[in-house]
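Down below is the structure, laid out as structure tokens.
The values are calculated or read from the model by the stated rules, or taken from the named source; none is laboratory data. Predicted model only: the values in this text are computed from it and were never measured. As a convention, Cβ positions derive from the backbone with ideal geometry for all residues, glycine included, and neighbour counts pool all protein chains shown. Surface areas here come from the heavy atoms of the whole protein model, side chains and all, with no ligands, DNA or RNA. Shrake-Rupley method; radii C 1.70, N 1.55, O 1.52, S 1.80 Å.
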Amino acid sequence: MKYIFVTGGVVSSLGKGLAAASLGTLLEQRGLKVVLQKFDPYLNVDPGTMNPFQHGEVYVLDDGAETDLDLGHYERFTSGVLTRSNSTSSGQVYETVLARERRGDYLGNTVQVIPHVTDEIKARLRSLSKEQPCDILITEIGGTTGDIEGLPFLEAIRQFVLEVGPRNVVIMHVTLVPFIKAAGELKTKPSQQSIAKLREIGLHPQVLVCRTEHPIEEDVRNKLSMFCNVPLEAVIEARDVDSSIYEMPLMLQREGLDNTICDLLSLDVPPADMTEWNRFVERVIHPKKRVKIAVVGKYIELQDAYKSIYESLTHAAAANDCGIDLVRVDAETLEDNPPNSVLKGVAGVLVPGGFGERGVEGKINATRFARENNLPFLGLCLGMQVATIEFARNVCGLEGANSAEFDPQAPHRVIHLLQEQKGVTDKGASMRLGTWPTMIKEGTCAHKVYGTSEIRERHRHRYEFNLSYREQMEVKGFVISGTSPDGSLVELIELKNHPYFVACQFHPEFQSKPNHPHPLFTGFIQACLGKF
Ligand code: GLN
């Protein structure tokens, strides 16, 4: 088994996760079995308790692990289905070590970063290799070289390289090669310094992926090669791509990244077959038509907060040979303004998930606008709860209807706390999480898009539809189209007499892939194109 470690230098947000995932795509297309994992140096046990402003989207895995959004890239760019073992934070490592200390496993010893914390990191690497056997394990280390909290991970990797032998490991460093306007040239010094920092720790990157706004000419390549101590062919240009992140594997392939890596690891495998991927990228970059979709959320200014949703829209649009003109609407702006001033001209409305009261009334107004104007609507998690509140208030006349999350004293709590959540006080990893089955009612819109009666989708919520309102809502045209197998939890709703008004309690966005768009998104885009 071979190992690739991906580190980052100079600044954060260099797209290390995308680079790791793209390498995964290329190696997988060369016929290798690839597994990706992330090491996150922060002390939170998982990102589930972090605000999207701090962290971006929380990506949920099949087994209910709440993880970094990079795991979303890994799942979208490769065929892998990841588990909680593919995501390790310092918090988890310390939690394990400290529990062990309390049990007395280290009795008599001083517990230290080296060897106890580094041993635990290595143990996690080894147990993942056993749990998910593969040809290549790609490990991305979060943060930037030089961060204090990343040091134990880098030290563990240094030891690990010694143990498995340098020929079985590649360290790939993703760095920034900035263009300085005043000098009119690309600068290599930041990269030199971040490589020097790694060398100080005892790590010797063999591949340099250089994020740059401008082409890296030969003289700069030579300089990077010489001062960063990597062969010339291992200096890989990764130019900013405006058109689509899915171009990244193709770009890295053109730069010879996968060839270089296979050479370094003595892997004799055929070239990557990127035909299908290429076709997908072509459809994304050169769509035959465009469609305007509004996403009404509260983290709209933050590119990363609804990452998987935006990607899912891209996948579904590409499958329909169309491109998306995204209208990002801050839900709060719809609280006082009439929605038609903002939503006029959009082909469909999507309301994503969320927590807390801020922006909810704006989302309700947007949902009402979609319902009343026969605009295709897709509600995800909180989006379904909002659609329920809106229908209860404005169609069933249940004045003051709300979710117990926002108004615990509301006269009609059409959304209330899940039974299993009563008495839960801890906030970490305590929601209804992960994949659960849903049974779909025949003859519904959901049944039409899925083409099956049983589905499995990923969840992350505390509240649910209050079934005591079922009858009075159903008589008015509200359809419960999917429930948990025992019928106790509402998972999918839709409306009669509407071209496409579908909402779900789960998160379909975590299961969409470039060439396998999610049916709910595909149906939504088709409806927006008037083809459903
Ligand atoms: N806040 C809602 C709940 O906990 C919705 C959660 C979500 O959208 N992920 O049920």
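Any residue at all in the range 398-415 that is open to solvent by 30 Å² or more (accessible area, probe 1.4 Å) and in a strand (DSSP E or B)? Yes, the range 398-415 contains at least one residue that is open to solvent by 30 Å² or more (accessible area, probe 1.4 Å) and in a strand (DSSP E or B).
Looking at Ile114, Ile141, which one is open to solvent by less than 20 Å² (accessible area, probe 1.4 Å) and of a type in the set (A, V, I, L, M, F, W, C)?
The match here is Ile141.
Checking the range 282-289 against the condition returns a match, with at least one residue being open to solvent by 60 Å² or more (accessible area, probe 1.4 Å) and not charged (D, E, K, R). Please go through the range 414-439 and give me each residue that is within 15 Å of the ligand (Cβ to nearest atom), over 16 Å from Phe355 (Cα atoms) and among the aliphatic types (A, V, I, L, M), ordered by number. Val414, Val424, listed by residue number. Condition check: among the aliphatic types (A, V, I, L, M) and more than 16 Å from the ligand (Cβ to nearest atom). Does Ala331 satisfy that? No, not satisfied. Residues in the range 504-530 that are of a type in the set (Gly, Ala, Ser) and assigned to a loop (DSSP other than H, G, I, E, B) were compared, and the one that is surrounded by the fewest Cβ atoms within 10 Å (Cβ to Cβ) is Gly530.
Checking each residue in the range 457-468 for being away from the ligand (no atom under 16 Å from the Cβ) and among the aliphatic types (A, V, I, L, M) picks out no residue at all.
I need the full set of residues from the range 182-200 which are open to solvent by less than 80 Å² (accessible area, probe 1.4 Å) and more than 30 Å from Pro152 (Cα to Cα), in order please.
Ala183, Gly184, Leu186
Open to solvent by less than 10 Å² (accessible area, probe 1.4 Å) and either touching a Pro at 6+ places or on another chain (Cβ under 6 Å) or not basic (Lys, Arg) (or both), is that true of Leu232? It is false that Leu232 is open to solvent by less than 10 Å² (accessible area, probe 1.4 Å) and either touching a Pro at 6+ places or on another chain (Cβ under 6 Å) or not basic (Lys, Arg) (or both).
Within the range 106-126, residues that are assigned to a helix (DSSP H, G or I) reach partners that are exposed (fewer than 13 other Cβ atoms within 10 Å of the Cβ) and at pLDDT 95 or above with beta carbons closer than 8 Å, at six or more positions or on different chains, in the pairs Lys122/Glu163.
Taking the range 345-359 as the range and being among the hydrophobic types (A, V, I, L, M, F, W, C), within 15 Å of the ligand (Cβ to nearest atom) and surrounded by fewer than 24 Cβ atoms within 10 Å (Cβ to Cβ) as the test, only Phe355 passes. Residue pairs whose Cβ atoms lie under 6 Å apart, separated by 6 or more positions or on different chains, with the first residue in the range 377-393 and more than 14 Å from Pro508 (Cβ to Cβ) and open to solvent by less than 10 Å² (accessible area, probe 1.4 Å) and the second among the basic types (Lys, Arg) and within 13 Å of the ligand (Cβ to nearest atom), are Val386/Lys363.
Against the test of being under 18 Å from Pro352 (Cβ atoms), away from the ligand (no atom under 16 Å from the Cβ) and either of a type outside the set (Phe, Trp, Tyr) or touching a residue at least 24 places away in the same chain (Cβ under 8 Å) (or both), the options Pro485, Pro517, Pro508 yield a single qualifying residue, Pro517. Would you check if there is a residue in the range 498-506 being among the hydroxyl-bearing types (Ser, Thr, Tyr) and touching an Asp or Glu at 6+ places or on another chain (Cβ under 7 Å)? No, that holds for no residue.
Exactly one residue among Glu442, Glu494, Glu471, Glu454 is away from the ligand (no atom under 16 Å from the Cβ) and buried (at least 22 other Cβ atoms within 10 Å of the Cβ), and that residue is Glu494. For the range 367-393, which positions are away from the ligand (no atom under 14 Å from the Cβ) and in a strand (DSSP E or B)? Correct list: Phe377 only.
Does Leu203 satisfy the condition of being more than 28 Å from the chain's Cα centre (by Cα), open to solvent by less than 60 Å² (accessible area, probe 1.4 Å) and at pLDDT 95 or above? When the stated conditions are applied, Leu203 passes them.
Tell me, yes or no, whether the range 458-468 has at least one residue that is among the hydroxyl-bearing types (Ser, Thr, Tyr), at pLDDT 95 or above and within 24 Å of Gly64 (Cβ to Cβ). Yes: one or more hits.
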